[in-house]
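**Q** Let me begin by handing over the structure; questions about it come next.
Derivation of every value follows stated rules applied to the coordinates shown; laboratory data play no part. Just so it is clear, the model here is predicted, and its values are computed rather than measured. Cβ sites come from the backbone with ideal geometry, for glycine too, and all protein chains shown count toward neighbours.
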Amino acid sequence: MEMEMQTELSQLEQQAQHELGSIESLEALAQWKSSYLGKSGALTRLSKGMGKLAADERPAMGKRLNEVKESLEAAFATAEARLKGAARAAQLASERVDVTLPGRVPDVGALHITTQVLRDVVAIFAELGFQVWESREVELDDYNFGLLNFPPDHPARDMQDTFYIDLPPDAPRVLLRTHTSPGQIHAMRRYAPEPVRVLLPGKCFRNEQVTARSEFMFHQFEFLAVGEQITLGDLKGTLLAFAERMFGVGTQVRLRASYFPFTEPSAEMDITCFLCGGKGCRICKYAGWLEIGGCGMVHPNVLRNGGYDPERFSGFAGGFGPERIAMLKYGIEDIRWFHSGDLRFVDQFR
Ligand code: DAH
């Protein structure tokens with residue numbers, strides 16, 4: 001009887017040790033513990049068989065049972081330490097931080113090329129004594145056209161295709177301004193009969209086919225000076241001062257007769273090509289000159305609409321597109337890139 005139990009006990013110990021060797025997780029280890037050392041485990045079951053032994057066989061068997069129990073408990077403790085250590089090492093490895101890696105550089109914004117050009121223009125005109133004025137983008141038809149001396153249904157309105165805003169028929173006609181010129185009326189009405197010098201930058205909208213040369217939204221800046229004895233010479237002097245600061249000393253200015261309803265006389269303004277200096281190149285299409293905007297002497301009707309007596313006051317005005325200036329200056333071939341949201345384009349002008 002005793003021999004049988006001894007053999008069983010030895011087999012049990014061997015089997016337990018053997019299984020322990022291949023245990024790889026703490027869950028499996030807990031399972032192992034309860035099946036060998038637990039309350040209803042194999043050792044407990046064997047020790048219950050002690051009752052069947054003869055009294056003189058019991059002490060030796062009891063001692064042996066204890067030895068096996070202690071050896072399995074020790075083996076358990078060793079295995080537990082090994083598995084816990086491995087788990088901790090795995091966790092540490094997964095949380096490893098390489099402090100020698102270079103950091104990530106945060107993306108820093110920059111001014112859009114149009115904003116940069118507008119700011120350059122603002123700075124130059126500020127130096128020439130013009131104050132900056134922002135005027136509304138949603139405008140009354142009257143300000144955009146009528147008060148600027150466009151007669152009703154005059155074909156000159158077709159120069160600028162317009163986005164009208166849907167309103168009840170008895171409401172005044174409202175539109176997205178097609179140019180910054182209506183700001184002239186607002187500024188004159190604010191300051192008349194005092195002399196005024198303003199620069200009006202902002203967005204304009206035209207209901208046109210979008211192409212490489214024209215967008216339905218673009219920017220302009222308008223300049224206006226009204227006072228006593230202002231002449232065409234003042235206009236040209238101002239333009240020259242602006243062109244030299246904007247495009248470089250030595251730039252020349254040429255006025256070509258043109259037509260706008262709100263100026264008389266009217267002119268297109270050309271500057272000598274800043275790339276070839278007037279000799280002729282690809283940018284200026286071998287003309288030596290670049291057209292950059294329109295200008296003229298404020299029409300007497302416009303002065304009157306602004307609140308000035310045209311017998312006493314005169315003035316000059318003009319308008320330019322900063323996108324066009326940027327296109328010429330940087331050889332940008334497509335105006336649609338400006339508001340494409342493509343960072344490959346805007347990043348070139350940081
Ligand atoms: N408003 C004109 C346009 O959008 C540009 C312009 C021409 C403005 C002559 C002026 C001016 O003030 O005098 O085409």
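**Q** For the stretch 51-123 and the stretch 318-350, what is the centre-to-centre distance using only Cα atoms, to the nearest Å?
**A** 55 Å
**Q** Taking a label point 7 Å from the Cα of Glu8 along the Cα→Cβ vector, which residues of the stretch 51-93 have an amide N closer than 11 Å to it?
**A** What the label zone holds, given the 11 Å backbone N cut-off, is 51-53.
**Q** While we're looking at this one, here's another question. Amide H to amide H under 5 Å from Phe130: which residues, 5+ apart in sequence or cross-chain, H placed 1.01 Å off N in plane?
**A** For Phe130, no residues qualify.
**Q** Any chance you could run the full-extension gain for Leu240 through Glu95? It's 0.36 nm times the residue separation minus the Cα-Cα distance, nm to one decimal.
**A** On the way: separation 145, 0.36 × 145 = 52.20 nm, distance 6.59 nm.
Result for the pair: 45.6 nm of gain on full extension.
**Q** Helices from the chain with mean Kyte-Doolittle at least -0.5 and a Cα length along the axis of 20 Å or more, per DSSP H: which?
**A** Numbers: long enough: 2-21 (29 Å, -1.15); 58-94 (53 Å, -0.31); 113-127 (21 Å, 1.03); 232-247 (22 Å, 0.59).
Helix filter hits for the chain: 58-94, 113-127, 232-247.
**Q** Please work through the chain and write down the cysteines that have no neighbouring cysteine Cβ at a distance under 4.7 Å.
**A** Unpaired cysteines in the chain: Cys204, Cys295.
**Q** When the helix-only estimate is applied to the chain (DSSP H runs of n ≥ 4, each -39,500 (n - 2.57), divided by the residue count), what is the mean residue ellipticity at 222 nm, nearest 500 deg cm²/dmol? Working shown, then result.
**A** On the way: 11 runs with 140 residues, N = 350.
Result for the chain, helices only: -12500 deg cm²/dmol.
**Q** Using amide H atoms built in the peptide plane, which far-off residues or other-chain residues are under 5 Å from Met217 H to H?
**A** Result for Met217 returns Arg206.
**Q** Could you work out which residue, out of Val105, Val226, Val174, moves most in a Gaussian network model of the chain, that is, has the largest mean-square fluctuation with Cα springs under 10 Å?
**A** Maximum fluctuation in the GNM of the chain, among the listed residues, is at Val105.
**Q** Over the stretch 2-94, what relative contact order in percent results from Cα pairs under 8 Å that are six or more residues apart? Kindly include the intermediate steps, with their values, before the conclusion.
**A** Values: 48 pairs, mean separation 34.1, N = 93.
For the stretch 2-94, the relative contact order is 37 percent.
**Q** Moving on. Of the GluC sites (Glu not before Pro) in the stretch 58-112, which ones lie in a loop per DSSP and count no more than 11 other C-beta atoms within 10 Å?
**A** Numbers: sites: Glu67, Glu70, Glu73, Glu80, Glu95; in loops: Glu95.
Those satisfying the criteria are Glu95.
**Q** Let me ask something else. Report, ordered by chain and residue number, the aspartates and glutamates lying within cross-link reach of Lys39, taken as a straight Cα distance under 16 Å and ignoring same-chain residues fewer than 8 apart.
**A** Qualifying aspartates and glutamates at Cα under 16 Å: Glu70, Glu73.
**Q** Would you look at the GNM of the chain, springs on alpha carbons closer than 10 Å, and say which of Leu118, Leu140, Leu101 moves the most?
**A** Among Leu118, Leu140, Leu101, the largest GNM mean-square fluctuation belongs to Leu101.
**Q** Of Lys203/Lys329; Lys203/Lys285; Lys285/Lys329; Lys236/Lys279, which pairs sit farther than 18 Å apart, going by alpha carbon to alpha carbon? Please report the intermediate quantities before stating the final value.
**A** On the way: Lys203/Lys329 20 Å; Lys203/Lys285 28 Å; Lys285/Lys329 14 Å; Lys236/Lys279 22 Å.
Violating the 18 Å limit, Cα to Cα: Lys203/Lys329; Lys203/Lys285; Lys236/Lys279.
**Q** Could you tell me the distance between the Cα centroids of the stretch 248-301 and the stretch 140-169, to the nearest Å?
**A** If you average the Cα positions of each part, the centres end up 26 Å apart.
**Q** What ³J(HN,Hα) values, in whole Hz, does the Karplus curve 6.51 cos²θ - 1.76 cosθ + 1.60 give for the stretch 298-305 when θ = phi - 60°, with x put for Gly and Pro?
**A** 3J(HN,Hα) across the stretch 298-305, in whole Hz: 4, 5, x, 4, 6, 4, 4, 5.
**Q** Let me ask something else. Which of the peptides 18-27, 129-138 is most tightly packed, and how do the rest follow, judged by the mean count of other Cβ atoms within 10 Å per residue?
**A** Numbers: 18-27: 11.9, 129-138: 14.7.
Result, highest mean Cβ count within 10 Å first: 129-138, 18-27.
**Q** Where a ≥ b ≥ c are the square roots of the eigenvalues of the C-alpha gyration tensor, would you call the chain rounded, which needs a/c under 1.5, or, failing that, prolate if a/b is larger than b/c, or oblate? Please list the in-between numbers first.
**A** Numbers: a/c = 5.66, a/b = 4.05, b/c = 1.40.
It is prolate, given that a/c is not under 1.5 and a/b is the larger ratio.
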